[in-house]
Amino acid sequence: MNTPRNSPPSSSYQNAPTRSVSVRGEDFAYRELGPEDGVPLILLIHLAGVLDNWDPRVIDGLAARRRVIAFDNRGVGGSSGSTPDTIEAMARNAVLFIRALGFDQVDLLGLSMGGFIAQVIAEQEPRLIRKVILAGTGPAGGPGIDKVPALTLQATLKGALTRQDPKLSLFFTETEGGRRAGRALLERLKERTHHRDKDISLPAFRAQLKAIRQWGRQAPSDLSEIRQPVLVANGENDRMVPSHNTLDLAARLPRSELVPLYPDAGHGGIFQYHDEFVARALEFLGS
């Protein structure tokens, strides 16, 4: 369902209308909520993620004070076209989407693969990007990142055999607290019952896996070129993008702030600690 941008703002992500904008002949699906003034916050989702994979508590919390826009990049979910197989091309498509909405300055929140994309955009478009939040992510060439595709496929197969969502093992720890947080997230992701997004297609998923593998195997990027303020967050036990990559990001980015790694949390740390994360993110964006 596509809704004009001049329609009344939504009160929550659960009922935010899905809109679309044309980008070089392809339609990009997105949802927008929050106040209409101020610098927009553009959200960049994780591997295989679509609009319905964002934690509504994070979105609603941020949108209480910021204009928030989540979108499906090219070829993903409700967006048309073919998904590229490099992070750099995904970044270019994201920039085209931002400019198609008419923005000349935005903030970014990149989660996991979205954090890879955010790093490229921040470096290549310094005038477009004001501030960046990187969660559950790491730099190009970071140790263990090239193993993400194998871990994901293993968890997906295990999930199919056990009828368990792979996010439980990929995003959360195996402790009682981690399992409880994972189940709570899965319930929140079901809150939207109407006009849900399309699942990622197999070709798009394969392209993303290839892009992540290449990102993990390429030469380390020169993070000193990213001059914007950056907030860095993660759980202390991230299986997918090992947490020492988060510490490396914070140490090498010239203007970084590190959120202390969330205890008993993994790749989905910002979902598990959504209240704390939202408060810290809003403080960072407002400073």
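The values are calculated or read from the model by the stated rules, or taken from the named source; none is laboratory data. These numbers come from a predicted model, not from an experiment. Virtual Cβ from ideal backbone geometry, glycine too; neighbours counted across all protein chains shown. Quick note on the areas: whole protein, heavy atoms, side chains included, nothing else; ligands and nucleic acids left out. Shrake-Rupley method; radii C 1.70, N 1.55, O 1.52, S 1.80 Å.
Restricted to segment 155-179, and to residues that are open to solvent by 40 Å² or more (accessible area, probe 1.4 Å) and aliphatic (A, V, I, L, M), which residue is nearest to Lys190 (Cα to Cα)? So the residue we want is Ala160. Scanning segment 193-233 for residues that are out of contact with any strand residue (DSSP E or B) (no Cβ under 6 Å at 6 or more places or on another chain), surrounded by 14 or more Cβ atoms within 10 Å (Cβ to Cβ) and of a type in the set (A, V, I, L, M) yields a total of 8.
Only one residue in Gly77, Gly81 is without any contact (Cβ under 8 Å) to a residue 60 or more places away in the chain, within 22 Å of Ala211 (Cβ to Cβ) and either buried (at least 22 other Cβ atoms within 10 Å of the Cβ) or of a type in the set (Gly, Ala, Ser) (or both), so which one is that?
Details: Gly77 fails: without any contact (Cβ under 8 Å) to a residue 60 or more places away in the chain.
One residue alone meets the criteria, Gly81.
Selection of segment 159-192 for residues being among the acidic types (Asp, Glu) and either assigned to a helix (DSSP H, G or I) or closer than 12 Å to Phe271 by Cα (or both) yields Glu176, Glu187. Residues in segment 130-157 that are in contact with a Pro (Cβ under 7 Å, 6 or more places away or on another chain) and free of Cβ contacts under 8 Å to residues at least 60 places away in the same chain: Ala155, Thr156. Taking the criterion of being open to solvent by 50 Å² or more (accessible area, probe 1.4 Å), farther than 21 Å from Ala64 by Cβ and part of a helix (DSSP H, G or I), the residues of segment 249-287 that qualify are Ala251, Arg252.
Counting only strands (runs of 3 or more DSSP E) that sit wholly inside segment 44-148, those with at least 1 residues that are in contact with an Asp or Glu (Cβ under 7 Å, 6 or more places away or on another chain) are 68-71, 129-135.
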